Amino acid sequence: MTMRTWLLDPAPGSRRQARLGGWFRAWLALQRNSLAMTGLAIVVLLLLVAIFAPVIADRNLAVQQVLEDRLQPWSWQHWFGTDELGRDILTRMIFGARITLVIVFLVSAIVVPIGLAIGLPAGYFGGWIDAVLMRITDIFLAFPRLVLALAFAAALGPGIENAVIAIALTAWPPYARLARAETLTRRNAEFIQAAELLGASHLRILLTQILPLSLPSVIIRLTLDMAGIILTAAGLGFLGLGAQPPSAEWGAMVSSGRQVLLDQWWVATLPGLAIFVTSLGFNLLGDGLRDAADSRS
């Protein structure tokens, strides 16, 4: 029996085989979506560029100020030209990918646990617990995310750490509502009632029964929200509330190049294009994951 046949067996012999088979079927469905594979290629390329940035580019070109080379167009020495301080734009974009991914992953590591910690108990227990937790969630949803993130960032001060906290504080409510909805659909399921009859505690049921079934939807929503997180981080960087100089952050690079946009368009346009392509890649990947996980397909 080949590995493919074992994974696609309609009658799996173990829980591990069933789980791996489900993942393999999702991967096959994802492969059939050309746009999703394009998004995956963009995300993987971004990860590789960020990981191997010191190998691909010279860090000194990202911070060294050679004023004689300022605002130079494309050349063999500087493929994407130079900025207003003579720094290589391509090198700064490569190292800026690291900052962008760090912000994205840190925000993800914060918002998902917060959303699950609020949404799962709200859907499982109901009553006044659900009312209190969801009203708190509604308060955060009442404000536009970018405006609220700007307010938190301005109060906390500039810096990557404060930008991550500001974005995370505004990004968790949708995950709480999604986790609550997933819990409500399974709260009265037979396997939950069986676990309760066997004496399982509420915490054990939440962690072992409901949480694993809610995670796929949360992960898909997180992938779709990556673009929003990137744009919010770039917006904070554009306003000077994100990564501080001399760090190479895409939003700050766009901000520094806006004054010479008409004459030296590449200074602001190329980092903006990097933000666009990265956001597009995560959106395409998220759409593909959502279609692959759709049971109706």
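Throughout, read-outs are computed from the coordinates displayed, never taken from laboratory work. Just so we're clear, the structure is a prediction, and the values are computed from it rather than from any experiment. Cβ coordinates were reconstructed from backbone atoms using ideal geometry, including for glycine residues, and neighbour counts include every protein chain displayed.
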Within the set of other residues whose C-beta is less than 12 Å from the C-beta of Asn283, count the net charge using Lys and Arg as +1 and Asp and Glu as -1.
-1
Given region 1-154, report the % of alpha carbon pairs whose separation exceeds 28 Å.
58 percent
Can you give the Rg and Dmax of the chain based on its C-alpha atoms, in angstrom?
22.9, 77
I'd like the Kirkwood hydrodynamic radius of region 196-280, using the inverse of the mean 1/r over distinct C-alpha pairs, in Å.
15.7 Å
Fewest Cβ neighbours within 10 Å first, please rank Val112, Val132 accordingly.
Val132, Val112
Dipole magnitude of the chain about its Cα centre (Cβ charges: Lys, Arg +1; Asp, Glu -1), debye to nearest 20:
940 debye
Karplus ³J(HN,Hα) for region 89-100 (6.51 cos²θ - 1.76 cosθ + 1.60, θ = phi - 60°; Hz, whole; x = Gly/Pro) runs 5, 4, 5, 5, 5, 5, 6, x, 4, 4, 5, 4
Can you pull out the trypsin sites (Lys or Arg not before Pro) in region 201-297 whose DSSP state is coil and whose Cβ has at most 12 other Cβ atoms within 10 Å?
Arg296
